[in-house]
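A quick write-up on the structure given underneath.
Values in this text are rule-based calculations from the coordinates and carry no lab data. None of the values given here were measured: they were computed from a predicted structure. Neighbour counts are summed over all protein chains in view; Cβ atoms, including those assigned to glycine, are modelled from backbone coordinates with ideal geometry.
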Amino acid sequence: MRVALAAVVLCGIAATAPGAQQPSLERDLDAILADPVVARALAGVRIESLRTGEVLFQRNSNKLVVPASNMKLLTMSVAAERLGWQYRFETRLEAAGAVTEGTLSGDLIVTGNGDPSIVSPDGGHPALFLDWADALKRAGISRVNGRIVGDDNAFDDVGIGAGWAWDYLADDYAAPSGALSYNENVVSVRVVPGKADGAPVAITTSPAGHRFTIINHATTGPTGSAVSAAADRMPGSRDLVISGRVPAGGAGATLSTTIDNPTPYFVEALRLALQSRGISVSGGAWDIDDLEVPVPSGARKVIATRESAPLSALGGNFLKVSQNFYGEMFLKAIGRTPARPGTAAAGRQIVRDTLGGWGIPADSFVMSDGSGLSRYDYVTADTIVAILKHVWQDEKLRGPFLAALPTSAYDGTLRTRMRDTPLAGRVQAKTGTISNMRALSGFLTTDSGERIVFSIIINHYTAPTAQIDAVAERLLLRLVAR
């Protein structure tokens, strides 16, 4: 359908009577935005040539609109500027106490500063935790007569973003932030049907350490029926309710949900991994904030240190797949100082200061979170384009930033878009989606090799999102042949 759409748009532009004046670019783009599917919507659009600096088109470009995940462009650009592309997060395992005949008489302390990338890729114990078990054994420790304590004080304890809605906090795209985070603070739930309609289902969860109580209300449905399974919990509750149906003879369903407090999840998962390698911990796993008896002061021995991949690599996961969790972790990381824990408020101030230094007006955006999940976020298309232009012109920022953006018909959130059209492989841009809001901002390479920077943000529509995407792509199709 998009191939046909491209042909209609381009042929329609070319089909001008001999001798008649060609329609201007502005007139063509205005005509595309006159589509009835966006007639009642608010479209903020700005398009510029990077070669000449000419503003090719603008529509409501100075109006504040809700950017959804285009807010990630602000977070990523400022994180790269303030932290540097080579920045690595560090997580440290230490022993506090004497070791006698293989027993640590004291606590293990895990201290983190916001690494978002410690995960269990296959649902089992992550390689990092098993490596730490080996490191403990090399240090002569095979038993811990004490606790595992998670020190998460590099960040504050406010996990969710300002303006996030209570009714989606259990959904995996709304995972909380925390200085000690594990598996992106998400738990996977597998629901397997029984052999016949009405038979019990089997439920498994992964990875270990979540401490949920599973309440199973799910059933097996008739063969060929629709999957309707769901995982629900109230914020703050450890009761995870599995409901709905999975059809007999089917593959079942894989669900996911968030946890409330990242630190207990991390340290309990570590405790279980150590136990799997024969290292017992008598005092359990604890968040440092919940201790009745504090960790004794005194010397600690560093057992192991983990460094994340550099920010340039983490940025790819952040922008390409639009991972909200990374946005909140990066925002707190840029707000952290040696004397102050990372907070969203401090991170927002750093963003304001940095963008102000780039000449971007303070009243041209409102930042409430780092991911764009909040409906309290606002930005103008002018501001998005100004940020992208600054990144393009700054050699230390440009390369990794462009590499982190999704590419049309190739990867990330643009992997399935613009295939088999002249736009395939020509667009590097960040998408944005929340209900009744769609955005696409980035860079386009035209047929002549010209680079164009653009921001297209459409709010308050009621048409299907695919139709809104088609309008944005028609704008880019007109530009690619410029």
- prompt: Contour minus end-to-end for Ser448 and Gln86, with contour as 0.36 nm per residue of separation and end-to-end as the Cα-Cα distance?
  reply: 126.9 nm
task: Order the peptides 49-56, 228-235, 152-159 from the highest to the lowest mean number of other Cβ atoms within 10 Å of their residues.
output: 152-159, 228-235, 49-56
message: Whole angstrom only: what separates the Cα centroid of segment 410-482 from the Cα centroid of segment 304-360?
response: 26
query: Per the Kirkwood definition applied to all pairs of different Cα atoms, how many angstroms is the hydrodynamic radius of segment 256-317?
result: 14.8
statement: Among Lys63/Lys320; Lys332/Lys389; Lys72/Lys332; Lys72/Lys320; Lys63/Lys332, the pairs whose Cα-Cα distance exceeds 22 Å are Lys63/Lys320; Lys332/Lys389; Lys63/Lys332
task: Please give the calculated 222 nm ellipticity per residue for the chain, where each DSSP H segment of at least 4 residues contributes -39500 (n - 2.57) and the sum is spread over every residue; nearest 500 deg cm²/dmol?
output: -9000 deg cm²/dmol
task: Report, as a whole number in µm² per second, the diffusion coefficient that Stokes-Einstein gives for segment 217-271 at 4 °C and 1.567 mPa s using the Kirkwood radius over alpha carbon pairs.
output: 100
field: the chain, dipole about Cα centre (Lys/Arg Cβ +1, Asp/Glu Cβ -1), debye to the nearest 20
entry: 820
- request: Using only the Cα atoms of segment 359-482, construct the convex hull and provide its projected area averaged over every direction, in square nanometres to one decimal.
  value: 8.1
query: the chain: percent of C-alpha pairs farther apart than 39 Å?
result: 33
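Could you compute Rg(Cα) / (2.2 N^0.38 Å) for segment 287-392, with N its residue count? Intermediate values should be presented prior to the final figure.
Numbers: Rg = 17.8 Å, N = 106, 2.2 N^0.38 = 12.9 Å.
After normalising by residue count via 2.2 N^0.38 Å, the value is 1.38.
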- prompt: Distance from the Cα centre of segment 243-265 to that of segment 195-231, in angstrom?
  reply: 8
- prompt: Ordered by packing density, taken as the mean number of other Cβ atoms within 10 Å over each peptide's residues, highest first, how do 423-436, 173-186 rank?
  reply: 173-186, 423-436
message: Give me P(r) over segment 167-258, computed from all C-alpha to C-alpha distances, binned every 10 Å, as integer percentages.
response: 18, 46, 26, 8, 1
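Just round it to a whole percent: the fraction of Cα-Cα distances in segment 201-248 exceeding 15 Å.
48
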field: Estimated D of segment 91-175 in µm² per second, where Rh is the Kirkwood radius over Cα pairs and Stokes-Einstein applies at 25 °C, 0.890 mPa s
entry: 159
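What are the semi-axes of the equivalent ellipsoid for segment 28-140, taken as the square roots of 5 times the Cα gyration tensor eigenvalues, largest first, in whole Å?
Taking √(5λ) for each eigenvalue gives 55, 17, 12 Å, largest first.
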- line: Taking R0 as 35 Å and r as the Cβ-Cβ distance between Leu130 and Ala345, the FRET efficiency 1/(1 + (r/R0)^6), rounded to the nearest 0.05, comes to 0.40
message: Suppose each label sits 7 Å from its Cα in the direction of the beta carbon; what would the Val158-Val321 distance come out to in nanometres?
response: 2.8
statement: Among segment 270-295, those whose backbone N falls under 20 Å of a label point 7 Å along Cα→Cβ from Ser105 are 280-284, 293-295
Reach of Lys137 by Cα under 16 Å, taken over lysines that are not fewer than 8 positions away in the same chain: Lys301
